[in-house]
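Report on the structure given below.
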Amino acid sequence: MRGICRGDERGMSAAVIRVGNISKTFGPVHAVRDLSFEVEPATCFGLLGPNGAGKTTMMKMIYARSPRDRDCGGTMDIFGFDPRTQELQIKCLAGVVPQEDSLDDELNVVGNLMIYARFYSIPRAEALRRIEALLTFMELSERRHAKIRELSGGMKRRLVIARALLNNPRLLILDEPTTGLDPQVRHVIWDKLRLLKRQGTTILLTTHYMDEAFVMCDNLIIMDKGEAIVQGSPAELLERNIEAFVLEVDSNAMETASNRTLPAGVRVDHSHETMRLFSNDVDGLRAVADTLARGHHIIRRSNLEDVFLKETGRLLNEIQ
Amino acid sequence: MKSSETPSPPPLHRRLYSVWFRHMRVYTRHLLSNGFPPFLEPLLFLAAIGLGLGRYIETMDGLQYVVFLGTGLPVSAAMWTAAFECSFGTFIRLEFEKVYDGMLAAPLTAENLIVGEIIWAGTKGLFFSFAVTCILLLFGIIQLPYALLAPIVGFLTGLMFGCLSLYITSFVKTINHFNFYMTGLLSPMFFFSGIVFPTSELPRVIRPFAELVPLTHSVQLVRAVLLSDYRLRHLADLAYIIIFIAVVGWLAVRRLKRRLVY
């Protein structure tokens, strides 16, 4: 297996989440297959992958929303608790932001949070105090009496994050926290999450935005069809799994530029309309680019998205 | 890394209470539109059917017809409200609003959530039968203080139909399937469980079926309570109700859990 968890090298004691050889099947479908990883305190760990890769399922197994396979023989340790037998203890320590907002439309912003505070048996006065602080933190104070229907997508998302923080969780679990949100809101959410991390909260998130994974995650797994494909820090993944630079060319422009041989060490990735030439040698790519008509190409550094597409393929699977 | 500052989960009764409280809070949010119809419906029913029909049918089973009909209505109201709450209501919370996705991230187990739902169905049964009882008192059909016991039977009826409806819901894939439950099971139960006419008037072959369904026992019990006319067989009715709640409740929890945690 490529990319053994970094926690292994640093010693076992530090991790707050320890997942060892966990599998999950739904009938004939392997949603998660023999997955192992560790998350250290006050770090952000990302589960990445195309739709149907098993990210959400893995996440749900951690907070006991989904039981792991009885016969998978794996182990899970979340703050010293096993989700199979100690789900309530884990839920007390974790805050969860599900993929869909799941707010009560009938209640207003504060009403939603008050109901939720009751699930943790937080006394009323204390709940009100925390709610005010969280609404300020998530920049929702002016909306405290708004109905849920009056909130924008970004506000709802921030409210769900506030809800997940009511119990001062030591682990924050977020399932695609910024899907469908505009760039301003995404950046606000990222800032808040980084602040929480700095204050000691461990963060586990799923995303299929590679830029989000790059800025947020200390470590991540790219999953496909339930399996871990690559695992490591974003910098390591870039270093290990992909050439440093890429020349993106319009496919037609490349054809007219003759069929001459490419410099050594260039890997070609040809999708329908675009050709991508990957290489660690930026000068070699420049030389190719110089032979092309202007305006049809760009040289840039490779990013996580390139790693992602290289590892999980460009073609859509049957559930995307 | 087990830490000493690990918060301990709320005890069972507080977890169940928090589920109940959530439903209560959402329900009382629209107090006028939710609280008024339970009073209006029996009023219309008694006016239209009880009094209108009552001029043609004077007595039934030794009672004035409006008394016969009226003393059955507290439990049918409890049945309908609990059944709607735990079929359409639960299904919408489960599949459309995704309310349970949020709730199950909090320190609640799926079992807590389902049992809380059943207790809430009982509470609605209590409230709806109380509303009917008030109207019956207003019409002078029944007298205080016996009347005050009727909502307790309504509570038990609500629990029964909460359990039954959640069990049905655990099978349902699309919301339209509930039409079969409503029209195929609950409507016949309303007509043939001794509310509109005594089950003893049913053909001999059908009578055992009437004895089998839950509403019949609620009707017999609530009528006994409201008329303060207790017989030994009412103990059997009570036993039926308690066993029904335990058995169907257990089935509902077991099956619906698989829709929540999988």
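Residue by residue through the stretch A:26-75, note down the ones that are of a type in the set (A, V, I, L, M) and buried (at least 19 other Cβ atoms within 10 Å of the Cβ). Even if it seems obvious, please write down each step before you answer.
Start the filter on the stretch A:26-75 by keeping residues that are of a type in the set (A, V, I, L, M), which leaves A:29, A:31-32, A:35, A:39, A:42, A:47-48, A:53, A:58-59, A:61-62, A:64.
Of everything in the stretch A:26-75, those that are of a type in the set (A, V, I, L, M) and buried (at least 19 other Cβ atoms within 10 Å of the Cβ) turn out to be A:ALA31, A:VAL32, A:LEU35, A:VAL39, A:LEU47, A:LEU48, A:ALA53, A:MET58, A:MET59, A:MET61, A:ILE62, A:ALA64.
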Inset, instruction - Please verify whether the stretch B:126-136 includes one or more residues that are surrounded by fewer than 23 Cβ atoms within 10 Å (Cβ to Cβ), of a type in the set (Phe, Trp, Tyr) and within 14 Å of chain A (Cβ to nearest Cβ). - result: no
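Being more than 14 Å from every other protein chain (Cβ to nearest Cβ) and surrounded by 16 or more Cβ atoms within 10 Å (Cβ to Cβ) is the filter here, so list the residues in the stretch A:127-168 that pass it. Outline the logic, then answer.
Restricting attention to the stretch A:127-168, the residues satisfying the condition of being more than 14 Å from every other protein chain (Cβ to nearest Cβ) are A:128-129, A:131-144, A:146, A:150-155, A:158.
Selection gives A:ILE131, A:LEU134, A:LEU135, A:PHE137, A:MET138, A:LEU140, A:ARG143, A:LEU151, A:GLY154, A:MET155, A:ARG158.
Within the stretch A:64-82, track down each residue that is part of a strand (DSSP E or B) and among the hydroxyl-bearing types (Ser, Thr, Tyr). Write out each step before concluding.
Of the stretch A:64-82, the ones part of a strand (DSSP E or B) are A:75-78, A:81.
The answer is A:THR75, and nothing else.
Quick one: which residue in A:GLY180, A:GLY200 is assigned to a loop (DSSP other than H, G, I, E, B) and farther than 29 Å from A:GLU106 by Cα?
Working: A:GLY180 fails: farther than 29 Å from A:GLU106 by Cα.
The match here is A:GLY200.
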Inset, instruction - Could you tell me whether any residue of the stretch A:282-293 is at pLDDT 85 or above, exposed (fewer than 11 other Cβ atoms within 10 Å of the Cβ) and in a helix (DSSP H, G or I)? - result: yes
Legend entry - Failed condition for A:ALA53, given (1) assigned to a loop (DSSP other than H, G, I, E, B); (2) under 19 Å from B:SER8 (Cβ atoms): (2)
Inset, instruction - List every residue pair whose Cβ atoms sit under 8 Å apart, with the two residues 6 or more apart in sequence or on different chains, where the first one lies in the stretch B:248-262 and is within 14 Å of chain A (Cβ to nearest Cβ) and the second, anywhere, is assigned to a helix (DSSP H, G or I) and small (Gly, Ala, Ser). - result: B:LYS257/B:ALA110; B:LEU260/B:ALA110; B:VAL261/B:ALA110
Inset, instruction - Within the stretch A:81-96, identify whether any single residue is away from every other protein chain (no Cβ under 12 Å) and either open to solvent by 10 Å² or more (accessible area, probe 1.4 Å) or more than 21 Å from A:ARG170 (Cα to Cα) (or both), and answer yes or no. - result: no
Legend entry - Out of B:SER218, B:SER187, B:SER193, sole residue that is without any contact (Cβ under 8 Å) to a residue 24 or more places away in the chain and under 15 Å from the mean Cα position of the chain (by Cα): B:SER187
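Taking the condition within 23 Å of the chain's Cα centre (by Cα), closer than 27 Å to B:LEU16 by Cα and of a type in the set (Gly, Ala, Ser), does A:GLY95 pass? If you could, list the steps in order and put the result at the bottom.
Values: within 23 Å of the chain's Cα centre (by Cα): yes; closer than 27 Å to B:LEU16 by Cα: yes; of a type in the set (Gly, Ala, Ser): yes.
Here the answer is yes, as A:GLY95 does meet what is asked.
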Legend entry - Checklist (1) within 14 Å of another protein chain (Cβ to nearest Cβ); (2) closer than 27 Å to B:LEU226 by Cβ applied to B:TYR56, failing item: (1)
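Residues in the stretch A:102-120: is at least one within 20 Å of the chain's Cα centre (by Cα) and more than 21 Å from A:ALA15 (Cβ to Cβ)?
So the first thing to find is which residues in the stretch A:102-120 are within 20 Å of the chain's Cα centre (by Cα), and the list is A:102.
Next, from what is left, pick out any that are more than 21 Å from A:ALA15 (Cβ to Cβ): A:102.
Yes, the stretch A:102-120 contains a residue that is within 20 Å of the chain's Cα centre (by Cα) and more than 21 Å from A:ALA15 (Cβ to Cβ).
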Inset, instruction - Within the stretch B:87-98, identify whether any single residue is in a helix (DSSP H, G or I), free of Cβ contacts under 8 Å to residues at least 40 places away in the same chain and not charged (D, E, K, R), and answer yes or no. - result: yes
Legend entry - Selected residue (criterion: surrounded by the most Cβ atoms within 10 Å (Cβ to Cβ)) from residues of the stretch A:99-126 that are touching a residue at least 12 places away in the same chain (Cβ under 8 Å), over 13 Å from B:ARG22 (Cα atoms) and more than 10 Å from chain B (Cβ to nearest Cβ): A:VAL109
Legend entry - B:PHE21 surrounded by fewer than 21 Cβ atoms within 10 Å (Cβ to Cβ) and more than 14 Å from chain A (Cβ to nearest Cβ): no
Legend entry - Whichever residue in the stretch B:64-84 is touching a residue at least 12 places away in the same chain (Cβ under 8 Å) and either of a type in the set (S, T, N, Q) or surrounded by fewer than 18 Cβ atoms within 10 Å (Cβ to Cβ) (or both) and, among such residues, is farthest from B:SER187 (Cα to Cα): B:THR71
Legend entry - Of the criteria (1) within 14 Å of another protein chain (Cβ to nearest Cβ); (2) within 14 Å of the chain's Cα centre (by Cα); (3) among the β-branched types (Val, Ile, Thr), which one B:THR157 fails: (1)
Legend entry - Pairs with Cβ under 9 Å, 6+ apart, first in the stretch A:134-153 and within 14 Å of A:LEU166 (Cα to Cα), second hydroxyl-bearing (Ser, Thr, Tyr): A:LEU135/A:SER141
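Would the stretch A:179-193 turn up any residue that is among the aromatic types (Phe, Trp, Tyr), more than 20 Å from A:TYR63 (Cβ to Cβ) and open to solvent by 20 Å² or more (accessible area, probe 1.4 Å)?
Narrowing the stretch A:179-193 to residues among the aromatic types (Phe, Trp, Tyr): A:190.
Narrowing further to those that are more than 20 Å from A:TYR63 (Cβ to Cβ): A:190.
Filter once more, so that each one left must be open to solvent by 20 Å² or more (accessible area, probe 1.4 Å): none.
Looking through the stretch A:179-193, none of the residues is among the aromatic types (Phe, Trp, Tyr), more than 20 Å from A:TYR63 (Cβ to Cβ) and open to solvent by 20 Å² or more (accessible area, probe 1.4 Å).
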Legend entry - Filtered residues of the stretch B:25-53 (kept if in a helix (DSSP H, G or I), facing chain A (nearest Cβ under 10 Å) and open to solvent by 60 Å² or more (accessible area, probe 1.4 Å)): B:ARG25
Legend entry - Selected residue (only one of A:ALA264, A:ALA244, A:ALA235 is touching a Lys or Arg at 6+ places or on another chain (Cβ under 7 Å), surrounded by fewer than 22 Cβ atoms within 10 Å (Cβ to Cβ) and at pLDDT below 95): A:ALA244
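The values are calculated or read from the model by the stated rules, or taken from the named source; none is laboratory data. No experiment lies behind these values; they were computed from the predicted model shown. Cβ sites come from the backbone with ideal geometry, for glycine too, and all protein chains shown count toward neighbours. All accessible areas refer to the heavy atoms of the entire protein, side chains included, with ligands and DNA or RNA removed. Shrake-Rupley method; radii C 1.70, N 1.55, O 1.52, S 1.80 Å.
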